[in-house]
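One structure is given here, and the rest of the page talks about it.
The values are calculated or read from the model by the stated rules, or taken from the named source; none is laboratory data. Just so you know, these numbers come straight off a predicted model, no measurement behind them. FYI the Cβ positions are ideal-geometry reconstructions off the backbone, even for glycines, and counts take in every protein chain you see. Please note that ligands, DNA and RNA were not included when accessible areas were found on the heavy atoms of the full protein model with its side chains. Shrake-Rupley method; radii C 1.70, N 1.55, O 1.52, S 1.80 Å.
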Amino acid sequence: GGPSGACAAEIFAQEKNIDTVLFERKMDNAKPCGGAIPLCMIGEFDIPESTVDRKVRRMKLISPTDVEVDIGDTLQPNEYIGMCRREIMDKFLRDRAISYGAEPITGLVTGIEVPAGHATSEEQYNIKYQAFEAGKSAGTASEMKVDLIIGADGANSRVAKAMDAGEYNFAIAFQERIKITEEQMSFYEEMAEMYVGDDVSPDFYGWVFPKYDHVGVGTGTVVNRPAIKQYQKAIRERAGDKIAGGKIIKVEAHPIPEHYRPRRVQGRMALVGDAAGYVTKCSGEGIYFAAKSGRMAAEAIVKLMEGGKRLPTQEEIERTYIADYDKLYGPTYTVLDILQKVFY
């Protein structure tokens, strides 16, 4: 039900001969995320600007000795980096997919039964899940048989586990949403800050990103995940008076994939977004690539299904969706990987 799943479901739902089901554990879930999206995503995915909390036009990179460098000077007057809350943007994308005909299920997928010959046959997959109803805390054990699965279920993907997609290294990101005064908030009206130094992270950066009526303050690391709270304390101290006295209103933590999964397609199961490992090094940006991969996977598979007349093979999905995605974005991941190694 995040950007990758919603954007895939939107494409499938517009094909009248394909029944589309969209799973989301909690429809109003505020998923932990820095929330930055590139301007191109607004137009490409027809996202209303009302989903964007803040338009960042100024960015500062702050050194270990607190030397500030403006890094947003390349933005044109009409350009910005959008800062959003996932609970707002995800709902918009999900609701649009539902409006096209996707069936939403509030449920937690607990397991997937994969037929032994699924790579060469058309045997169905059996999804086991807990279905939740409003007003009830306990779910109801349920099952559903399906022909094809798009795994858009994040870094801890159960789909990836079911299809034996292999492991990947990951960073841990930690963020606190902090409510600060209106005067303090005015400083971050169009400003985002990125802090570097071993105190805030030995291999990433710390950040202060503006949100609707608060700031997101966080950091991340791969090499020393147990020390994440120590680094979080340091980023709060580095931000200093700019967030002093602020009230922590939400604490969030989540894994960030460091590279692609070894296997992204098995049979008629395909991974997209964080589940596939589509997060860029250096910046940690993944929202756009989640949405893009979900759309690209769905478009390729819909075309292969010829209006619902046939099911695609693993080889066909790899030859279209995987090959096209890697050709389009492979160089980007490579360059940003190099930059992260050099600068962090």
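How many residues, within region 152-169, are open to solvent by 20 Å² or more (accessible area, probe 1.4 Å), farther than 20 Å from ALA253 by Cβ and either assigned to a loop (DSSP other than H, G, I, E, B) or in contact (Cβ under 8 Å) with a residue 40 or more places away in the chain (or both)? Before the answer, list the steps.
The initial filter retains those residues of region 152-169 that are open to solvent by 20 Å² or more (accessible area, probe 1.4 Å), namely 152-154, 156, 158, 161-162, 164, 167-169.
Restricting the remaining residues to those that are farther than 20 Å from ALA253 by Cβ gives 152, 161-162, 164.
So of that shortlist, the ones also either assigned to a loop (DSSP other than H, G, I, E, B) or in contact (Cβ under 8 Å) with a residue 40 or more places away in the chain (or both) come out as 152, 162, 164.
Looking only at that region, the number is 3.
Looking at GLU15, is it under 21 Å from ALA152 (Cα atoms) and in a loop (DSSP other than H, G, I, E, B)? Lay out the reasoning, then the answer.
Details: under 21 Å from ALA152 (Cα atoms): yes; in a loop (DSSP other than H, G, I, E, B): yes.
Criteria met by GLU15.
Filter region 30-52 for residues that are over 19 Å from ALA173 (Cβ atoms) and surrounded by 16 or more Cβ atoms within 10 Å (Cβ to Cβ) and give the result. Let's see the steps before the verdict.
At the first step, the residues of region 30-52 found to be over 19 Å from ALA173 (Cβ atoms) are 39-52.
Once the filter is applied, which keeps residues that are over 19 Å from ALA173 (Cβ atoms) and surrounded by 16 or more Cβ atoms within 10 Å (Cβ to Cβ), region 30-52 yields LEU39, MET41, ILE42, PHE45, ILE47, THR51, VAL52.
So which residues in region 290-313 are out of contact with any Ser or Thr (no Cβ under 7 Å at 6 or more places or on another chain), part of a helix (DSSP H, G or I) and crowded, with 18+ Cβ neighbours inside 10 Å, if there are any at all? Give the derivation first.
First, pick out the residues of region 290-313 that are out of contact with any Ser or Thr (no Cβ under 7 Å at 6 or more places or on another chain): 292, 295-299, 301-303, 305-313.
From the residues that got through so far, the ones that are part of a helix (DSSP H, G or I) too are 292, 295-299, 301-303, 305.
Selection gives LYS292, ARG295, MET296, ALA297, ALA298, ILE301, VAL302, MET305.
Could you tell me which residue of region 72-125 is nearest to the chain's Cα centre (by Cα), considering only residues that are closer than 22 Å to MET191 by Cα and basic (Lys, Arg)?
So the residue we want is ARG86.
Which condition from (1) open to solvent by less than 20 Å² (accessible area, probe 1.4 Å); (2) assigned to a strand (DSSP E or B) is the one that HIS254 breaks?
(1)
From the list ILE172, ILE127, ILE149, ILE178, which one is under 30 Å from PRO226 (Cβ atoms), open to solvent by less than 20 Å² (accessible area, probe 1.4 Å) and of a type in the set (Val, Ile, Thr)?
Details: ILE172 fails: open to solvent by less than 20 Å² (accessible area, probe 1.4 Å); ILE127 fails: under 30 Å from PRO226 (Cβ atoms); ILE149 fails: under 30 Å from PRO226 (Cβ atoms).
Just one listed residue meets the conditions, ILE178.
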